[in-house]
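Quick notes on the structure that follows.
The values are calculated or read from the model by the stated rules, or taken from the named source; none is laboratory data. Given the structure is predicted, the values throughout are model-derived calculations rather than measurements. Cβ placement follows ideal geometry from the backbone for every residue including glycine, while neighbour counts extend to all protein chains displayed. Side chains included, ligands, DNA and RNA excluded: accessible areas come from the protein's heavy atoms. Shrake-Rupley method; radii C 1.70, N 1.55, O 1.52, S 1.80 Å.
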Amino acid sequence: MGLKAEVGCAMGKPVVVHPWNAPSISLTIIPRPHAYSAKAGWAGLVHNRKVFAIAIFASLGGLLYGYNQGVFSGVLDMTNFDNRMASAVDNTGTKGWLVSILELGAWVGTLVTGYLADKLGRKYTIVTAVAVFCVGVIVQTAAYQPSSIYGGRFITGLGVGSLSTVVPMYNAELAPPEVRGSLVALQQLAITFGIMISFWIDYGTNYIGGTGEGQSEAAWRIPLALQLVPALSLGIGILFMPFSPRWLVNQGRDEEALNVLVRVRSLPVDHELIQVEFLEIKAQCLFEKEISEIKYPQYQDGSFMSNFKLGLMDYASLISNRGLLYRLAIATLTMFFQQWTGVNAILYYAPSIFQALGLTGNTISLLATGVVGIAMFLATIPAVIWVDKLGRKPVLVSGAFVMAACHIIVAILIGTFHDSWSTHPSAAWAACAFVWIFAIGFGYSWGPCSWIVVAEIWPLSVRGKGMSIGASSNWMNNFIVGQVTPTMLAHIGFGTFVFFGAFTFVGGLFILFLVPETKGLTLEEMDDVFGSEGMAAADQERQNAIARRIGLESYLNGDVAHSGSHEKMTIEMKEP
């Protein structure tokens, strides 16, 4: 006989139907896409003009970060800059400080951003970081002594480090779930795009006044000053953007948060998607508050000292728990090996490296440097598209081995032809080609993928703290690499490439044997993999309890019909 059942389809999820008089039958129904659901992936970036504006906004932060990374390498080898800053440039130790002091500032900026983002809000923290960044750029652009370059780059670094943390945070919290991954991809593309255009701007301005002794100061002041364009666009543009709804909920400003979601999603306030997203944000904030109250009841008075101690205790838990310590080791060592691939040595000192490889003339070396930027940018495109299908380990391991091979081949070529490049131009160009292949290897692997691993291995209750330690490891090792590279190139020559090649190869082995594959794992499965069984399960149970308490579970289970957005399907089921 025929059995009929009406099934409510909520949130576009499969619904399992158990007929009341046929308990042995279960049928999974895949409903058609929700009429109001946002499009996913790249299409979602243009589905709503406000979401697309957020994507462009995120790209400004990435563009600024990438441009700053690449611009100084070309400036460092310009004739007029070298003449004016000779006391710093001619010494390999002080030359390293010219580059690496920015990373030291960025490390400090990253560490203080978490507190500022919670205290001032994501929006005003971005404004503050842009203001600090612009001060540093102005000091560098107007510099007449190396001391101004040192001070300006440290101040700029404070802004860069802060922006590299808070801009993705702001956009991730404002973006709908359907396009959050695409925003991350766009951010990484923007970073490599910024690196690429900085190299070519350096190449163009290098001709101002000629490339020799008559070169104008504008040749290096203009590319430095141009950093103000994306920075000011970011700082001014953020003032017209809404506050982060998550931050508003944390501040108890629920009605404002709901209004932000309504404006950004272009849906009515009583629409199911708006209500569910708001309740999910509310549930997450309650979850974090309850976890804090349970773990540290003595620090809940809201004072500055209590909040400071809460932060310290959360960081300490990363060491005291064995499973979290394992994750901390993976996060910090992954970022350690990312920097010791030597990628930023290539980015910062590319013109010097290409000159050492036999490319005569500053102009030719800058031209070769520009190809590095193009290669890295293009290689990032397939990475952000395919990494979720291929997995993290094969991408990282293959990238490491490709880069290590390039380092070793370049070292062999330098060791063989370093004193006879002029009579072996093909060897010189071969060495350049392998530097470009190295850039491709980094662009598709350790550039985007290391950040994915560091972001996804943490349970919810300590994710923010864990990611901040991973980011600080990245900047600190970036600082060290920038500091030691000029000395290494001057004193051990081709041994520099052997050194970085060895570290890159060990990094590949580290990923191959010690880092588990995290593609597609749930938080509970992460617990099993990293040896902290039960942590994510306990987190999930607490979240479920909160969802029941605030009414979120009713939406997710399809028990609430809201604004007519539930679809009804009548299905026909027959007994066997």
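Within segment 354-364, count every residue that is at pLDDT 75 or above and open to solvent by 10 Å² or more (accessible area, probe 1.4 Å). It would help to see each step written out before you state the result.
Filtering segment 354-364 down to residues at pLDDT 75 or above leaves 354-357.
Within this subset, residues satisfying the condition of being open to solvent by 10 Å² or more (accessible area, probe 1.4 Å) are 355-356.
Total satisfying the criteria: 2.
Scan segment 281-299 and tell me whether some residue there is among the small types (Gly, Ala, Ser) and surrounded by 20 or more Cβ atoms within 10 Å (Cβ to Cβ).
Filtering segment 281-299 down to residues among the small types (Gly, Ala, Ser) leaves 283, 292.
Of the ones still in play, those that are also surrounded by 20 or more Cβ atoms within 10 Å (Cβ to Cβ) are 283.
Looking for residues that are among the small types (Gly, Ala, Ser) and surrounded by 20 or more Cβ atoms within 10 Å (Cβ to Cβ), one finds at least one in segment 281-299, hence yes.
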Residues being farther than 21 Å from Val402 by Cα and not in a helix (DSSP H, G or I) - total across segment 320-365: 5
Given (1) within 19 Å of the chain's Cα centre (by Cα); (2) hydrophobic (A, V, I, L, M, F, W, C); (3) open to solvent by 10 Å² or more (accessible area, probe 1.4 Å), number of the condition Ala129 does not satisfy: (3)
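Given the criterion within 30 Å of Trp451 (Cα to Cα) and either surrounded by 14 or more Cβ atoms within 10 Å (Cβ to Cβ) or at pLDDT 80 or above (or both), identify the matching residue among Leu552, Leu556, Leu512. Working first, answer last.
Details: Leu552 fails: within 30 Å of Trp451 (Cα to Cα); Leu556 fails: within 30 Å of Trp451 (Cα to Cα).
Answer to the check: Leu512.
Can you spot a residue in segment 480-492 that is within 21 Å of the chain's Cα centre (by Cα) and not in a helix (DSSP H, G or I)? Walk me through it before giving the result.
Taking segment 480-492 as the starting set, the residues that turn out to be within 21 Å of the chain's Cα centre (by Cα) are 480-482.
Remaining after also requiring not in a helix (DSSP H, G or I): none.
Looking for residues that are within 21 Å of the chain's Cα centre (by Cα) and not in a helix (DSSP H, G or I), one finds none in segment 480-492, hence no.
Which one of Leu347, Leu367 is open to solvent by less than 10 Å² (accessible area, probe 1.4 Å) and closer than 30 Å to Ala219 by Cβ? Walk me through it before giving the result.
Working: Leu367 fails: open to solvent by less than 10 Å² (accessible area, probe 1.4 Å).
Residue meeting the stated conditions: Leu347.
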Gly501, sole failed condition from (1) open to solvent by less than 20 Å² (accessible area, probe 1.4 Å); (2) under 23 Å from the mean Cα position of the chain (by Cα): (2)
Single residue of segment 75-126 satisfying the filter (within 24 Å of Asn344 (Cα to Cα) and among the aromatic types (Phe, Trp, Tyr)) that is least open to solvent (accessible area, probe 1.4 Å): Phe81
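Going through segment 438-454 one residue at a time, which ones are more than 18 Å from Pro382 (Cα to Cα) and either over 18 Å from the mean Cα position of the chain (by Cα) or open to solvent by 30 Å² or more (accessible area, probe 1.4 Å) (or both)? If you could, list the steps in order and put the result at the bottom.
Narrowing segment 438-454 to residues more than 18 Å from Pro382 (Cα to Cα): 454.
Within segment 438-454, none qualify.
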